[in-house]
Amino acid sequence: MKFIALPLLICLSFPANSQDTTHRIPVDKDRVFTRAVIESSYPGAVAGWQRYLMTNMHYPDEALKKEIQGQVIVQIIVEKDGTADSIIAISRPMEGGLREEAIRLIRQSGKWVPAIRDGINIRSQKRQPFVFKLG
């Protein structure tokens, strides 16, 4: 049975309360931001992320046997040093190993390019979708 893994780089960020950008707001160095001036990203941008996924993404055996497909959304915190932390799958499917595979991919992805606000690296939250489709 063939499968197609469709890696999507749809990094969703959820805006925080709107702020007047004409005034500088002191940045709390440990705060996790959901909106940044420059969003965190994978090294090499979209092309780098796609290369990583094509090389490392594996369709779980259990999902193949049970013909389980779906999109898994993984939420991560990209730390100031680019480390991916607080990695959790926040969507279905719950069985077949798809969630575990998506989490594994993030954990093994190495350092990311951190978000930047007011010229300094900040912690930021990302939601990264993974699409698993049999074809």
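The values are calculated or read from the model by the stated rules, or taken from the named source; none is laboratory data. None of the values given here were measured: they were computed from a predicted structure. Note: ideal-geometry Cβ built from the backbone for every residue, glycine included; neighbour counts use all protein chains shown.
The table below lists the values:
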| quantity | calculated |
| --- | --- |
| Which listed residue, of 74, 113, is of a type in the set (A, V, I, L, M), out of contact with any Gly (no Cβ under 8 Å at 6 or more places or on another chain), touching a residue at least 12 places away in the same chain (Cβ under 8 Å) and buried (at least 17 other Cβ atoms within 10 Å of the Cβ) | 74 |
| Restricting the stretch 122-135 to residues that are touching a Pro at 6+ places or on another chain (Cβ under 9 Å) and hydrophobic (A, V, I, L, M, F, W, C), the residue that is surrounded by the most Cβ atoms within 10 Å (Cβ to Cβ) | 132 |
| In the stretch 77-106, residue surrounded by the most Cβ atoms within 10 Å (Cβ to Cβ) [restricted to those that are of a type in the set (A, V, I, L, M, F, W, C) and under 23 Å from residue 120 (Cβ atoms)] | 78 |
| Test result for residue 119, of a type outside the set (A, V, I, L, M), at pLDDT 95 or above and either under 18 Å from residue 30 (Cβ atoms) or crowded, with 16+ Cβ neighbours inside 10 Å (or both) | no |
